[in-house]
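The values are calculated or read from the model by the stated rules, or taken from the named source; none is laboratory data. This is a predicted model, so every value here is computed, not measured. Note that each Cβ is placed from the backbone with ideal geometry, even for glycine, and that neighbours are counted across all protein chains shown. Calculation scope for accessible area: heavy atoms of the full protein, side chains included, ligands and nucleic acids excluded. Shrake-Rupley method; radii C 1.70, N 1.55, O 1.52, S 1.80 Å.
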Amino acid sequence: MVDRLLIKNAAQIVTPEGKSARHGREMKQLKIYENQSILIENGKIRSIGNQPDWEKLVPADKQIDASGKAVLPGFVDSHTHLVFGGYRPDEFLWRMGGMSYMEIMERGGGILNTMKATREASREELVDHSMDFLKKMLAMGVTTVEAKSGYGQDHDTEIKQMEVVRDLNEKQPIELVSTFLGAHAVPPEYKDRGDDFIEFLLKDVMPEVAEKHLAEFCDVFCEKGVFSIEQSRHLLTEARKMGFKLKIHADEIVSLGGAELAGELHATSADHLLHASDEGIRAMADNGVVSTLLPTTAFCLKEPFARAREMIDAGCAVALATDFNPGSGFTFSVPLMIGLAVIYMKMTAEEAITALTLNGAAALDRADRIGSLEPGKQADLVILQYPSYKFLPYHTGINIVETVIKKGKVVVR
Ligand code: NIG
Ligand code: FE
């Protein structure tokens, strides 16, 4: 039997178009339909338009009147550290008092603080903890979320984190995409032996992750004082041979050349990029690397925002994501992120929407399936309380998502 859903009379249906990332100027080209409907069949978009027989085809309780409302693709949060134990509110306040993120890390706080709590947490605790976050993300219109490991830095805890992601995928509507980030910090067991730690990950953890399909991507915190360009290149090159797709935490704190490395390796995405150089920007544009910007992290670290305008003007495909984590940015607020992108980063509202939908999907290698409203794509969409997408940045910091549909099913109403 065909399972249908009809979203009718939408004031506006707004979407980027295509099955791959939109680069540069393409980012602001949105398709806008006015006063039209979307027919969904078996979880996929069948058609967008106005056919008189659609109302007869679909049972009344499967029709949603969207008059006066805008419809957009579901949002894709392509960079989060979703699964972790414990919290670090004191560190946040130390930062506000002037201490730097790296100073806190060097004193054994930061990632290593969360590592201890994550090692101690049970699987059930981690699942419960993350479920609560996911529920709130869904309510803000997020239908796909990437989730990184990286708070274990030992075999068992890294595997535990990724198994939690796998379990969460079965337990709630958001699709989770798993990334292995074992190289997130050097754990105390390998103090001053970063190279040995990378060999440990390559030999004792990653083959199992690959074999059990526990992660699709491999990421690394490529940063001064964490993992160098050479270490990152070695790790990612070997990761690719094992079948992982590549991501890099690049140029977050200093300009180290992470964006250039992402270009060299043709990584799927380079993320953060607060201090990406001009050469790095060119390398991403030339090599089809999605430039994933994380405005809430810059905001919470009180750092300058990434150069979104320069990147887009140079032809990069920019994505926006939250980087939700217990340290550098304990927030997954989509409204705050859109506000920061449009108010401070010189992105237009249209570019911000492409960044959060199709380009986010491209950062997860899913642009052929999600990220836009087009026939054949998965029916992941949000209905806003207001008639235009322009209310997203304008109603600053407020969640205006009213209804969320995932794979053709109403999951928030
Ligand atoms: O993306 N920079 C490295 N990792 C995270 C922060 C992790 C943490 O502080 O717990 C980030 O900002
Ligand atoms: Fe991150």
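Annotations for the structure displayed:
- Filtered by the rule that a residue be part of a loop (DSSP other than H, G, I, E, B) and without any contact (Cβ under 8 Å) to a residue 60 or more places away in the chain, the stretch 36-59 gives Asn50, Gln51, Pro52, Asp53, Val58, Pro59.
- Considering (1) away from ligand 2 (no atom under 16 Å from the Cβ); (2) on the phi < 0 side of the Ramachandran plot; (3) of a type outside the set (S, T, N, Q), the lone condition that Phe332 does not fulfil carries the number (1).
- The stretch 243-258, residues that are farther than 14 Å from Phe217 by Cα, of a type in the set (Gly, Ala, Ser) and open to solvent by 10 Å² or more (accessible area, probe 1.4 Å): Ser255, Gly257
- Filter pass, Met347 being touching a residue at least 40 places away in the same chain (Cβ under 8 Å) and either within 16 Å of ligand 1 (Cβ to nearest atom) or of a type in the set (A, V, I, L, M, F, W, C) (or both): no
- Any chance Ile312 is at negative phi and touching a Pro at 6+ places or on another chain (Cβ under 9 Å): no
- For Ile312, the requirement of being more than 16 Å from ligand 2 (Cβ to nearest atom), buried (at least 24 other Cβ atoms within 10 Å of the Cβ) and either more than 22 Å from Leu176 (Cβ to Cβ) or in contact (Cβ under 8 Å) with a residue 40 or more places away in the chain (or both) is met.
- Screening the candidates Leu93, Leu72, Leu39, Leu82 for the property of being modelled with pLDDT of 95 or more and either open to solvent by 10 Å² or more (accessible area, probe 1.4 Å) or hydroxyl-bearing (Ser, Thr, Tyr) (or both) yields one hit, Leu93.
- Just one of (1) of a type in the set (Gly, Ala, Ser); (2) out of contact with any Gly (no Cβ under 9 Å at 6 or more places or on another chain); (3) surrounded by 22 or more Cβ atoms within 10 Å (Cβ to Cβ) fails for Ala21. It is (2).
- Condition check for Leu293: within 16 Å of ligand 2 (Cβ to nearest atom), open to solvent by less than 10 Å² (accessible area, probe 1.4 Å) and within 20 Å of Ile400 (Cα to Cα): no
- Among residues of the stretch 147-156 being open to solvent by less than 10 Å² (accessible area, probe 1.4 Å) and without any contact (Cβ under 8 Å) to a residue 60 or more places away in the chain, the one that is farthest from Val220 (Cα to Cα) is Gly152.
- Checked against (1) modelled with pLDDT of 95 or more; (2) open to solvent by 10 Å² or more (accessible area, probe 1.4 Å); (3) within 28 Å of Tyr190 (Cβ to Cβ); (4) within 16 Å of ligand 1 (Cβ to nearest atom), Gly225 passes all but a single condition, namely (1).
- Residue check for Lys136: open to solvent by 30 Å² or more (accessible area, probe 1.4 Å) and of a type in the set (Lys, Arg): yes
- Among the residues of the stretch 323-341, those that are crowded, with 22+ Cβ neighbours inside 10 Å, under 14 Å from the mean Cα position of the chain (by Cα) and not hydrophobic (A, V, I, L, M, F, W, C) comprise Asp323, Asn325, Gly329.
- A single member of Leu381, Leu320 is touching a residue at least 12 places away in the same chain (Cβ under 8 Å), more than 16 Å from ligand 1 (Cβ to nearest atom) and crowded, with 24+ Cβ neighbours inside 10 Å, and it is Leu381.
- Every pair of residues 6+ apart whose Cβ atoms lie under 8 Å, when the first sits in the stretch 1-18 and is without any contact (Cβ under 8 Å) to a residue 60 or more places away in the chain while the second is surrounded by fewer than 21 Cβ atoms within 10 Å (Cβ to Cβ) and acidic (Asp, Glu): Val2/Glu41; Arg4/Glu41; Leu6/Glu55; Lys8/Glu55; Lys8/Asp65; Asn9/Asp65
- Residues that are in contact (Cβ under 8 Å) with a residue 60 or more places away in the chain and either among the β-branched types (Val, Ile, Thr) or open to solvent by 10 Å² or more (accessible area, probe 1.4 Å) (or both), drawn from the stretch 259-290: Thr268, Ala285, Gly288, Val290
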